[in-house]
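Report on the following structure.
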Amino acid sequence: MNKIDLQLSIDDTNLILEALGQLPFARVFQLIARIQEQARAQLSAAERAQAGGPERGE
């Protein structure tokens, strides 16, 4: 599967998740989970970087 990387603001990401929430759950739940998982990992890494802690994989 080909992949693309997107850079979106938190507000844009939340808007996309809100829109996906209007669609049938069975159709979008895996996509929502992937978005949330990637966002959580990125936000955690950013918080660790701000705190001066090591990032994942170092």
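Read the figures in this text as sums done on the coordinates, not as results from a lab. Nothing here was measured: the structure is a model prediction, and the numbers come from that model. We place every Cβ from the backbone using ideal geometry, glycine too, and count neighbours over all the protein chains shown.
Label-point separation (nm) for residue 36 and residue 51, each offset 7 Å from Cα along Cα-to-Cβ?
About 2.2 nm, to one decimal.
Once both axes come from the Cα atoms, what is the angle between helix 25-51 and the longest principal axis of the chain, in degrees from 0 to 90, rounded to 10?
20
Rg(Cα) of the chain divided by 2.2 N^0.38 Å?
Values: Rg = 13.9 Å, N = 58, 2.2 N^0.38 = 10.3 Å.
Ratio of Rg to 2.2 N^0.38 Å for the chain: 1.35.
Hey, what angle do you get for helix 10-20 against the long axis of the chain, alpha-carbon based, 0 to 90 degrees rounded to 10?
30
Taking K and R as +1 and D and E as -1, what net charge do the other residues with C-beta under 11 Å from the C-beta of residue 18 add up to?
Local charge sum for residue 18: -2.
Go ahead and estimate [θ] at 222 nm for the chain from helices alone: -39,500 (n - 2.57) per DSSP H run with n ≥ 4, summed, over the residue count, rounded to 500.
Result for the chain, helices only: -22500 deg cm²/dmol.
Pick out, from 22, 51, 41, the residue whose Cα sits farthest towards the positive end of the charge dipole of the chain, with +1 on the Cβ of Lys and Arg and -1 on the Cβ of Asp and Glu.
22
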